[in-house]
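Asks: Take this structure, written in structure tokens, and hold onto it; I'll ask about it next.
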Amino acid sequence: MIGRLQRRSDFTRLTEEGTYVRFGGLWCRMIADSHLEQPQVGYAIGRSFGGAVQRNRMRRRLRVLLHARANQLRPGLYLVGAQSSLLTAAPADLGRAVDGLLHGITKHYE
């Protein structure tokens with residue numbers, strides 16, 4: 001299960017203290033937090049990505065892919081973003097990018 005990143009203080013904390021990982025057009029700022037019961041994920045898809053429809057579509061696609069892989073995320077705070085190069089990515093390509101990003105996250109914590 002994945003929770004939502006909602007508090008402004010969590011976003012600020014990620015900006016100030018978070019570790020940055022990138023893979024295949026995706027990026028993530030993260031902080032491990034053992035006090036949390038589950039990972040909390042927020043999405044940062046900026047206006048440079050495209051119009052509102054494209055941004056919301058990418059957010060939904062990422063949400064589905066991350067929920068399917070929730071067991072690979074440690075409890076903590078995660079802010080995930082995408083570059084506009086993924087705007088037309090096939091589902092398989094986006095899935096591989098998410099897998100690579102999660103591998104980078106896991107590798108960082110080892």
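Asks: I'm trying to understand the selection: among the residues of segment 85-105, which are open to solvent by less than 70 Å² (accessible area, probe 1.4 Å) and assigned to a helix (DSSP H, G or I)?
Replies: Across segment 85-105, the qualifying residues are L86, A92, L94, G95, A97, V98, D99, G100, L101, L102, G104, I105.
Asks: In segment 46-84, what residues are part of a loop (DSSP other than H, G, I, E, B) and under 11 Å from the mean Cα position of the chain (by Cα)? Talk me through it step by step, then tell me what you get.
Replies: Pass one, segment 46-84, residues part of a loop (DSSP other than H, G, I, E, B): 46, 50-51, 69, 73-75, 83.
The answer is L73, and nothing else.
Asks: Continuing with the same structure: Kindly indicate which of R57, R47, R61 is open to solvent by 20 Å² or more (accessible area, probe 1.4 Å) and in contact (Cβ under 8 Å) with a residue 12 or more places away in the chain. Break it down stepwise before answering.
Replies: On the way: R57 fails: in contact (Cβ under 8 Å) with a residue 12 or more places away in the chain; R47 fails: in contact (Cβ under 8 Å) with a residue 12 or more places away in the chain.
Every option except R61 fails the conditions.
Asks: Still on this structure, please answer the following. Search segment 1-38 for residues being surrounded by 13 or more Cβ atoms within 10 Å (Cβ to Cβ) and among the acidic types (D, E), and hand back the single one that is farthest from S85 (Cα to Cα).
Replies: If we filter segment 1-38 for residues that are surrounded by 13 or more Cβ atoms within 10 Å (Cβ to Cβ), which is where we start, we get 2-3, 5, 10-11, 13-14, 18-19, 21-33, 36, 38.
If we keep only those that are among the acidic types (D, E) too, we end up with 10, 33.
Numbers: D10: 28, D33: 31 Å.
For segment 1-38, the residue satisfying everything is D33.
The values are calculated or read from the model by the stated rules, or taken from the named source; none is laboratory data. Computed from a predicted model, the values in this text were never measured in an experiment. Every residue, glycine as well, gets a Cβ built from its backbone with ideal geometry; the counts of neighbours run over all protein chains shown. With ligands, DNA and RNA removed, areas are computed over all heavy atoms of the protein, side chains included. Shrake-Rupley method; radii C 1.70, N 1.55, O 1.52, S 1.80 Å.
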